[in-house]
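To start, the structure itself, in structure tokens.
The values are calculated or read from the model by the stated rules, or taken from the named source; none is laboratory data. None of these values were measured; they are calculated from a predicted model. Here the Cβ positions follow ideal geometry from the backbone for every residue, glycine too, while neighbour counts run over all protein chains shown. Remember, those area values only see protein heavy atoms, side chains included, never the ligands or the DNA or RNA. Shrake-Rupley method; radii C 1.70, N 1.55, O 1.52, S 1.80 Å.
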Amino acid sequence: DVSDHQGDIDWKQVAGAGIDFAFIRAAYRGYGSGIFYADDNFDANMQGATANGIDAGIYVFSQAIKVDEAAEEADYAIQSAKKYKIDLPIVFDMEGSIDGDQGRVMSITSEKRAQMAVTFMNRVKAAGYDTMYYGSTSILESLFDLEYVQEYPLWVAEYDAPYPGYPYQFDYWQYSCTAEIPGIPGHTTDMDIRFVKKD
């Protein structure tokens, strides 16, 4: 999964390295300001990935604390998806804040944060797209009231482990955040495994 943090990506090299799917950030909301921004590299990344045969999904980094903010994030993701062939889910990604307890989403309850996730995912689902939410084991246990989000697919993050310790079902596993991939500058690429049910 990538964003403008990875800079300019050579997707032909990425595909040649055996990568067959990617989640690409469409937009993000500021930790403290709450301002909603487009990801500057979204279009280039989507075009590069799909042109090179890489299945693509979209994610939005959320710091929504109101239903209308979560809806705005979902609507932006839906409009972004309409321009491309989307093979994978549109993902709600809410994480803890670099500002600790002073961060935006830390000012609301775990039930309210779950409401933000459900608002986003229901809106995406109603538009005809698959949807999913993201989080590490520790984030999921502390940020959300899991009772409200368990019926939705999950993309779990857990690094430096032979397998995730998350006790419930998940569909994707982000197992590293320090990978070096041909075509992507630096050593900060997140790597994921997709679990596919056998017929």
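List of remarks:
- Within region 131-148, being open to solvent by less than 30 Å² (accessible area, probe 1.4 Å) and in contact with a Phe, Trp or Tyr (Cβ under 9 Å, 6 or more places away or on another chain) holds for T131, M132, Y133, Y134, G135, S136, T137, L140, F144.
- Within region 149-199, the residues that satisfy the criterion of being among the charged types (D, E, K, R) and part of a strand (DSSP E or B) are D190, D192, R194.
- Residue ID - nearest to H5 (Cα to Cα), chosen from residues in region 149-199 that are open to solvent by less than 80 Å² (accessible area, probe 1.4 Å) and of a type in the set (D, E): D190
- Counted residues, region 80-92 - those being under 16 Å from R29 (Cβ atoms) and in a helix (DSSP H, G or I): 1
- Within region 27-37, the set of residues being in a strand (DSSP E or B), in contact (Cβ under 8 Å) with a residue 24 or more places away in the chain and open to solvent by 30 Å² or more (accessible area, probe 1.4 Å) comprises Y28, F36.
Each row is one residue, and each column tells you yes or no for (1) open to solvent by less than 60 Å² (accessible area, probe 1.4 Å); (2) in contact with a Pro (Cβ under 9 Å, 6 or more places away or on another chain); (3) under 13 Å from R123 (Cα atoms); (4) of a type in the set (A, V, I, L, M).
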| residue | (1), (2), (3), (4) |
| --- | --- |
| G48 | yes, no, no, no |
| Q63 | yes, no, no, no |
| K66 | no, no, no, no |
| A70 | yes, no, yes, yes |
| E73 | yes, no, yes, no |
| Q79 | no, no, yes, no |
| K82 | no, no, no, no |
| K85 | no, no, no, no |
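- In region 1-19, the residues that are open to solvent by 60 Å² or more (accessible area, probe 1.4 Å) and either over 20 Å from Y172 (Cβ atoms) or at pLDDT 95 or above (or both): D8, D10, K12, Q13, G16
- Condition broken by R104, with the remaining ones in (1) at pLDDT 95 or above; (2) open to solvent by 10 Å² or more (accessible area, probe 1.4 Å); (3) in contact with a strand residue (DSSP E or B) (Cβ under 9 Å, 6 or more places away or on another chain); (4) within 17 Å of S142 (Cβ to Cβ) satisfied: (1)
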